[in-house]
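Some notes on the structure that comes next.
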Amino acid sequence: MKSKYTANSIFFASLSLILIGLSPINLKAQTTKTIKINIDNSIAKVQPNMWGVFFEDINFGADGGIYAELIKNRSFEFAKPLMGWTIQRAKANEGEILIVNRKEANIANPRYVQINTEKGNFGLSNEGFKGIGVKKGVRYDFSVMYRQPVAAIKLRLQLISSDNKIIGEGSLTPEKSGSEWNKQTASFTATETDAKARFVVLFDGKGKIDLDMISLFPGDTWKNRPQGLRKDMVKILADMKPGFIRFPGGCIVEGTDLANRYQWKKTIGPIEERQLLMNRWNVEFAHRPASDYYQSFGLGFFEYFQLAEDIGSDALPILNCGMACQFNTGEVVALDELDPYVQDALDLIEFANGDTNTTWGKKRAELGHPKPFNLKMMGVGNENWGPQYLERLAIFTKAIKAKYPDFKIINSSGTDPEGERFNALNTSLRSTNADFIDEHYYRPADWFLKNAGRYDNYPRNDTKVFVGEYAVHADKSLTGSSKNNWESALASASLMTGLERNADVVQMASYAPLFAHIDAWQWAPDMIWVDNLNCYGTPDYYVQKLFSTNKGTDVIAAKLDGKNIIGQDGLYASAVGDNISKEVIIKISNTTNKAQNINFDLEGKKSLKSKGYVDELASENLNQLNSFENPNAVSPKRNAIVVKNKKLAITLKPYSFNVITIPFTK
């Protein structure tokens, strides 16, 4: 993801020339057009993992999002150790609460809180991530690490509603005493639903106790895993059937400097041993301050691999190449000090795929997954550019290919899909037969429409394209979730027909970013918006889902007057055959404000069934949004169609995207 972005100020003016506009005019259908589709002739294979998703911990997508932990700053490691916490009493006494730093003894998790109740009863309150989402009837699982010289203190646990009522409570009596740290758990059930609750720990008794890793999770996590992921967010992701998950970013891979980069080895193993890091989006945007944005790494590399496996996706990790974000510090590691970075890449492949007798394969097995994850590819660097990137990339590539010759490497083409940087990288990488070149584009809708034929004339050689990040960026006047309007999604769908038509060149693609918290976003647009209790898919989500769940196995030609359909009369189209489900699938968008009559002439020997269906996304209001209140305002509507003598007549609504499915028998 690009660290800085300036919206195109002439977006609406240029877009109106292409989309015709919304002024009141005659909406009668235009003259009937005939689109010819050869249903037998495969012109390219579609990769099973072509349409995927890109996850980055931005917009509180991990902590405060899909990672279901409800306590913010649970280990007191934020720059301000008590951020998120308040003392539950009008006035605190000196010395009754201390933050102790044991950095020499525990570098990964140095701080803990020391409670002294000799001077009176009190408590600690945690605000959660923009509040704590509590659901009536759900079990909540509390855990804490503690040590105490004498067992003398009881913990009372309370969920307090936004109107200051107790809506869930339990207790925990630490059982052990001495100098060793212990972990203990307790559970209780919520009695009401509240999106903005807080959590309180009250201390009864007289004495001292040290506490760390104060944690609260809902009991209804994905697959009911303890300390796991938020079920509704994984479910909406799984429903897309994405072919891959690209993770963990994005710019957090690079970091603001090398000390702030993402290091996968620090994100696995016991939770209390994962070293917290400031999220680089904490400081990136002055207009969206996020001083409480950190990475706890409760969602770490093992959990990413596990998530990909759960939903049937390939894992696509991205690793730092020895360069920090070039929009921030541009810091690089010296070439003669690059070996540890390269070794991290080699060790990750062994962690994912190695036999349990190997060092890192054994580590994976110890974490509960003896079976390999079957990792096939990784990215080296994110949006890096220049000769400094190429020389570091060459060292990575040589080392990885020497040990794993068939392993695929994703190579950066920088931040933009055109210009001097892109051209230099694209030329150099193609000259070395790079496996994949990762193209990113955040552009206005008119750019997407004009570039639907971008890959029609790309070279058909061994170097493939991965469109790793893309999204239509609407006018600057729109902010937050209002950027995810139908206009943007329709333009994305139109470009994606060009990606599909060129599946022999563009073998993978993923919209970006994936998740955004409605109260804590830094970047928009985003595919899925969440609050503390709910999530919804934007129009962009439904476009992505329709492509991903209808990808087919073979591209087949769809022509209008003998030409690819890339904007003639506002139409954009592609077609695939699916030799597994035995279907012909046509994707077509109408970007005009007029209905259009289309005759499909389906040529070939395959025997088509007479009945099929069309999944239609449409709205005559290009500014239409989905929302928590109306999550399905723009969502697929299925209608039956009739095919006669291998011909189909259909009327496309104004501003619509349509996926037409016609079964065949042989």
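Test N599 against the stated conditions and say whether it is under 19 Å from L495 (Cα atoms), in contact (Cβ under 8 Å) with a residue 24 or more places away in the chain and surrounded by fewer than 21 Cβ atoms within 10 Å (Cβ to Cβ).
Criteria not met by N599.
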Some residue of the range 8-31 being modelled with pLDDT of 85 or more, part of a strand (DSSP E or B) and not assigned by TED's automatic domain parsing to the domain that holds R147: yes
If you check Y442, Y455, which single one turns out to be touching a His at 6+ places or on another chain (Cβ under 7 Å) and under 30 Å from L622 (Cβ atoms)? Y442
Counting only strands (runs of 3 or more DSSP E) wholly inside the range 137-237, the ones holding at least 2 residues that are farther than 15 Å from E127 by Cα and modelled with pLDDT under 95 are 194-204
Just checking, which of N632, N623 is outside any strand (DSSP E or B) and without any contact (Cβ under 8 Å) to a residue 40 or more places away in the chain? N632
Y572: closer than 19 Å to D601 by Cβ, buried (at least 24 other Cβ atoms within 10 Å of the Cβ) and not β-branched (V, I, T), yes or no? yes
Candidate set: the range 341-385, residues that are assigned to a helix (DSSP H, G or I) and polar (S, T, N, Q); chosen: the one surrounded by the most Cβ atoms within 10 Å (Cβ to Cβ): N353
Considering only the range 331-359, state which residues are within 21 Å of P387 (Cβ to Cβ) and β-branched (V, I, T). V332, V333, V342
Can you run down the residue pairs with Cβ atoms below 7 Å, 6 or more apart or on separate chains, where the first is in the range 476-494 and on the phi > 0 side of the Ramachandran plot and the partner is of a type in the set (F, W, Y) and crowded, with 20+ Cβ neighbours inside 10 Å? G480/W521
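Could you say which residue among R246, R198 is crowded, with 20+ Cβ neighbours inside 10 Å, not small (G, A, S) and not assigned by TED's automatic domain parsing to the domain that holds Y112?
Result of the check over R246, R198: R246.
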Kindly indicate whether G123 is touching a Pro at 6+ places or on another chain (Cβ under 9 Å) and not basic (K, R). no
Do the conditions hold for E350, that is, is it touching a Ser or Thr at 6+ places or on another chain (Cβ under 8 Å), more than 19 Å from E303 (Cα to Cα) and of a type in the set (D, E, K, R)? no
The residue from I236, I209, I271 that alone is under 30 Å from I160 (Cα atoms) and in contact with a Cys (Cβ under 7 Å, 6 or more places away or on another chain) is I236
Read through the list (1) part of a helix (DSSP H, G or I); (2) over 20 Å from F54 (Cα atoms); (3) in contact with a helix residue (DSSP H, G or I) (Cβ under 8 Å, 6 or more places away or on another chain), then give the number of the only condition that D569 fails. (3)
Can you tell me which residue within the range 124-170, out of those that are basic (K, R) and more than 20 Å from I66 (Cβ to Cβ), is farthest from the chain's Cα centre (by Cα)? K154
Among residues belonging to the range 83-97 that are part of a strand (DSSP E or B) and buried (at least 18 other Cβ atoms within 10 Å of the Cβ), point out the one that is modelled with the highest pLDDT. W85
Helices (runs of 4 or more DSSP H) wholly inside the range 444-556 containing at least 3 residues that are surrounded by 23 or more Cβ atoms within 10 Å (Cβ to Cβ) and out of contact with any Gly (no Cβ under 9 Å at 6 or more places or on another chain): 486-501, 539-548
How many residues does the range 47-82 contain that are crowded, with 24+ Cβ neighbours inside 10 Å, of a type in the set (F, W, Y) and outside any strand (DSSP E or B)? 3
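Looking at the range 98-119, which of the residues that are among the polar types (S, T, N, Q) and closer than 19 Å to K208 by Cα is modelled with the lowest pLDDT? Steps first, please.
Filtering the range 98-119 for residues among the polar types (S, T, N, Q) gives 101, 106, 109, 114, 116-117.
Now narrow it down to the ones that are closer than 19 Å to K208 by Cα: 101, 114, 116-117.
Details: N101: 96, Q114: 95, N116: 91, T117: 88.
So, considering only residues that are among the polar types (S, T, N, Q) and closer than 19 Å to K208 by Cα, the one modelled with the lowest pLDDT is T117.
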Which one is surrounded by the fewest Cβ atoms within 10 Å (Cβ to Cβ) among residues in the range 161-176 that are farther than 16 Å from F203 by Cβ and of a type in the set (G, A, S)? S162
Which one of the conditions (1) touching a Leu at 6+ places or on another chain (Cβ under 6 Å); (2) closer than 25 Å to A44 by Cβ does A573 fail to meet, given that it meets all the rest? (1)
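The values are calculated or read from the model by the stated rules, or taken from the named source; none is laboratory data. The structure presented is a predicted model; accordingly, all values stated were derived computationally and were not measured. Ideal geometry is used to build each Cβ from the backbone, glycine not excepted, and the neighbour counts take in all protein chains shown.
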